[in-house]
Amino acid sequence: MKILVPVKRVTDPNIKIRVKADGSGVDLTSVKMAINPFCEIAVEEAIRLREAGKAREVVVVSIGPTAAQDTLRAALAMGADRAILIEAETGVEPLGVAKALKRIAEAENPDIIIVGKQAVDDDCNQTGQMLAALLGWPQATFASKVELGEGVATVKREIDGGLETLELKLPIVVTTDLRLNTPRYASLPNIMKAKKKPIDVRKAADFPELADLRLEVLKTIEPPGRAAGIKVNSIAELVQKLRSEARVI
Ligand code: AMP
């Protein structure tokens, strides 16, 4: 069984980002980049399935600038077997990404594609769903548990107010939720080993679907700053404010 994991290079979620002065987007100059946290969870899950003897190979794929090789190396250091990079220096959108991933999937023939539920840069939460639709494969989004059987997968997914369990016939697309697992740290020997693992670099020109951009960003603004807090003199006053001003009780 083969598992394909698309991973996206995003701004490191631990740093504070700045909006460009002209509001045209986020200023990425000298900003630390990292693997998208939900993709990291996807890589971890794929590696665990391989370690449990359920899968033979984990292939990671990224669509992004040349520097996305670092993102792929991070996934390889966690334990993925090989990587594919579609080099795209300009911006990409979920539909184009899903179409390009469909072509990679058709060539690689994976049994499962594990996708992050969303990329934390644009919070689209679209790619996995679109990819499943384009492939005509069953999908289980927001997974918090994945079990593989003979030709089927049982996936627990997080829904409003509870959990839903689905049984799906392979091949499938799964998107990861936060509680699926806790990703491992790559050990130094594995970081060294990852440097020798292959990255197959493809040109964006071979994936014209990526250039079909349909979204226009009109404006990017910072969220409003948090209002200053106040001190209350008694519990009674606190309860009264929570009830009449904050309206939370
Ligand atoms: P999104 O729909 O943009 O929120 O992204 C959801 C998931 O799709 C991510 O967690 C990745 O697994 C995958 N994905 C999105 N964009 C890319 C990309 N440029 N390269 C590889 N995978 C991507």
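Table for the structure above
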| read-out | value |
| --- | --- |
| Degrees between helix 37-51 axis and first principal axis of the chain (Cα, 0 to 90, nearest 10) | 40 degrees |
| Most mobile listed residue (Ile35, Ile104, Ile47) in the chain, GNM with C-alpha springs under 10 Å | Ile104 |
| Selected from Val43, Val201, Val174 as most flexible by GNM, with the chain as the system and alpha-carbon contacts under 10 Å | Val201 |
| Separation of alpha-carbon centers, the range 159-201 and the range 54-83, rounded to whole Å | 11 Å |
| Selection from Val7, Ser24, Leu218 lying farthest towards where the dipole of the range 2-244 points positive, charges on Cβ | Val7 |
| Segment Ala227-Val19, extension gain: residue separation times 0.36 nm, minus the distance between their alpha carbons | 72.9 nm |
| Förster-model FRET efficiency, 45 Å R0, Glu106 and Lys193, C-beta, rounded to 0.05 | 0.95 |
| Sparsely packed trypsin sites (Lys or Arg not before Pro) within the range 1-98, loop by DSSP, other Cβ within 10 Å at most 16 | Lys16, Arg18, Lys20, Lys32, Arg56 |
| Global geometry of the chain, whether rounded, prolate or oblate, following the gyration tensor of its Cα atoms and the 1.5 cut on a/c | prolate |
| Of all DSSP beta bridges in the chain, antiparallel share, percent nearest 5 | 40 percent |
| Length-normalised contact order of the range 128-249 in % [C-alpha pairs under 8 Å, at least 6 apart] | 17 percent |
| Accessible area (Å², per residue) of the range 2-244, counting only protein heavy atoms and a probe of 1.4 Å | 55 Å² |
| Extension gain, Lys32 back to Tyr185 (0.36 nm per residue minus Cα-Cα distance, nm) | 53.3 nm |
| Carbon/sulfur fraction of accessible area - the range 2-244, other protein chains in place, 1.4 Å, % | 54 percent |
| Check: the chain dipole with +1 on Lys, Arg Cβ and -1 on Asp, Glu Cβ, in debye | 640 debye |
| Cα gyration tensor, the range 157-227 - rounded (a/c under 1.5), prolate or oblate | rounded |
| Of Glu93, Glu40, Glu222, the one that fluctuates the most in a GNM where the chain has Cα springs shorter than 10 Å | Glu222 |
| Theoretical FRET efficiency, 1/(1+(r/R0)^6), r = Cβ-Cβ of Leu134 and Leu163, R0 35 Å, to 0.05 | 0.80 |
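The values are calculated or read from the model by the stated rules, or taken from the named source; none is laboratory data. This is a predicted model, so every value here is computed, not measured. Ideal geometry is used to build each Cβ from the backbone, glycine not excepted, and the neighbour counts take in all protein chains shown. All accessible areas refer to the heavy atoms of the entire protein, side chains included, with ligands and DNA or RNA removed. Shrake-Rupley method; radii C 1.70, N 1.55, O 1.52, S 1.80 Å.
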